[in-house]
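Accompanying notes for the structure given below.
The values are calculated or read from the model by the stated rules, or taken from the named source; none is laboratory data. Model, not experiment: these values are computed from the prediction. Please note: Cβ atoms are built from the backbone with ideal geometry, for glycine as well, and neighbour counts cover all protein chains shown. Surface areas here come from the heavy atoms of the whole protein model, side chains and all, with no ligands, DNA or RNA. Shrake-Rupley method; radii C 1.70, N 1.55, O 1.52, S 1.80 Å.
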Amino acid sequence: MSVTQHADPAVTSPPASGPKQTDGRTAERPLVVRLLARPEVGVFLGAVAVYVFFLIAAPPVRDAGSMANILYQSSTLGIVTIPVALLMIGGEFDLSAGVGVITSALTASMIAYQLSMNVWVGVFVALLVSLGIGFFNGWMVVKTGLPSFLVTLGTFLILQGVNLAVTKLVTGNVATDDISNMDGFNQAKKVFASSFDIGGVQVKITVFWWLLFAAIATWVLLRTKYGNWTFAVGGNKDSARAVGVPVAFTKISLFMLVGFGAWFVGMHQLFSFNTVQSGEGVGIELIYISGAVIGGCLLTGGYGSAIGPVFGAFMFGMVQQGIVYAGWNPDWFKAFLGVMLLGAVLINLWVQRTMTRR
């Protein structure tokens, strides 16, 4: 009887009011935890913290012109960081992006100047070369199964040597010739290196291109089949292939997108300074990768966003210019870079564990 008496209230009584009781496996995570698990939220908070820090430590940062310079510096990094982030979401990364920027600029300059052609011819040839480098990297990774670290490290060394050797062979110098007086230069400069006056402040066109590319990349990742393919091949390429995802096409095209980003920044550098130093670009690839990691992209692939790397690039631009405005030794930039990278890796590790926790 006692069993029946205890069981009856559970059947006939209405559910008790109050919070829903759940076990540890089904308990919903707190809102703060769920927000921080988003790839772009953590880096956004970090970018705000860095911005506030330099507002206090470096008063010139408060000037609108200084902020325009910071955004410009961020944009030249961010334009390549975005496709690098997409590639990392797809489970790979590219060590040749930095010297690839210089390769594209050298190609466009020498094709136009040495062959006495309109600079737009050099621009389009450079685009083909950059896309070709990306295709080669992707094809090698897909066909050989080698880690992208080894393949793109080899490409990095090849391009570094070719940049120097070919430039010296063709021009007799380590830099290309000035192309500012050639046909088409002014038109190309408007596309890649012009400025706009906004409230009396000169803002570089690369800032607008950077934000446009970020918006397009976000739409592709979240609203298209290609975005689903990118996450799928980064999460588990064998499972993705089993459900019909074109793994080879997706990975190769992601490497080619990095080539496109390198080409665009290369054109900006060429039409900003009229000439290119062939030995530049070494080491910048680590900043692109770091910007993507700080932006929330996991090194293991399958996770990330296009918005997070925008804030990651802004943090780099903010620190790089903020140190100058504060009057500190510029060598501190690398120290800040290391601290931010380690912090981002730890946050990403926490996010990964939070996502897989039961």
**Message:** Just to confirm my numbers, what's the Cα centroid distance between the stretch 216-270 and the stretch 190-210 in Å?
**Reply:** 28 Å
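Please report the orientation-averaged projected area of the stretch 66-130, defined via the convex hull of its C-alpha atoms, in nm².
Mean projected area for the stretch 66-130: 5.7 nm², to one decimal.
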**Request:** Could you go through the stretch 320-334 in sequence order and give the Karplus-derived ³J(HN,Hα) for each residue, using 6.51 cos²θ - 1.76 cosθ + 1.60 with θ = phi - 60°, rounded to whole Hz, and x for Gly and Pro?
**Result:** 4, 7, x, 4, 5, 5, 7, x, 8, 5, x, 5, 5, 4, 5
**Asked** On the accessible surface of the chain, probed at 1.4 Å, how many percent belong to carbon and sulfur atoms?
**Response** 66 percent
**Prompt:** What is the calculated FRET efficiency for TRP219 to VAL162, with r their C-beta to C-beta distance and R₀ = 41 Å, to the nearest 0.05?
**Reply:** 0.70
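If you build the Cα gyration tensor of the stretch 140-227 and take the root of 5 times each eigenvalue, what three semi-axes come out, in whole angstrom, biggest first? If you can, show how the numbers build up before the last one.
Working: eigenvalues 196, 172, 22 Å².
Output for the stretch 140-227: semi-axes of 31, 29, 11 Å.
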**Prompt:** Peptides 193-201, 305-313, 231-239, 251-259: what's the order by average Cβ count within 10 Å, highest mean first?
**Reply:** 305-313, 251-259, 231-239, 193-201
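If we sort 96-108, 161-173 on the protection proxy, mean other Cβ atoms within 10 Å, highest first, what's the order?
Going by the mean number of other Cβ atoms within 10 Å, highest first, we get 96-108, 161-173.
Quick one: accessible area per residue over the stretch 259-336, 1.4 Å probe, rounded to a whole number of Å²?
Counting only protein heavy atoms, the per-residue value for the stretch 259-336 is 34 Å².
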**Message:** For the stretch 247-323, report the % of Cα-Cα distances exceeding 16 Å.
**Reply:** 64 percent
**Fill in**
Calculating mean projected area of the Cα convex hull in nm² from this structure picks out, from (i) 23.4; (ii) 25.3; (iii) 22.5, entry (ii)
**Asked** Using the heavy atoms of the protein chains alone and a 1.4 angstrom probe, what is the accessible area of the stretch 160-238 per residue in square angstrom?
**Response** 57 Å²
**Percent breakdown of C-alpha pair distances by 10 Å bin, ordered from the shortest bin, for the stretch 111-178** = 18, 38, 30, 13, 1
**Message:** Quick check on the chain: helices-only [θ] at 222 nm, where DSSP H runs of length 4 and up contribute -39,500 (n - 2.57) each and the sum goes over total residues. Nearest 500, please.
**Reply:** -24000 deg cm²/dmol
**Message:** Which residue, GLY283, PRO59, ALA85, has the largest displacement toward the positive end of the dipole of the chain when charges sit on each Cβ (Lys, Arg +1; Asp, Glu -1)?
**Reply:** ALA85
**Request:** Quickly work out the LYS334-to-ASP178 label distance, labels modelled 7 Å from Cα along the C-beta direction, and quote it in nm with one decimal.
**Result:** 3.3 nm
**Prompt:** Cα-based count: Lys pairs in the stretch 41-353 below 29 Å, eight or more positions apart or different chains?
**Reply:** 10
**Request:** Please work out, to two decimal places, the log10 of the ratio I(q)/I(0) at q = 0.09, 0.15 Å⁻¹ from a Debye calculation in which every Cα of the stretch 35-183 carries one identical scatterer.
**Result:** -0.44, -0.96
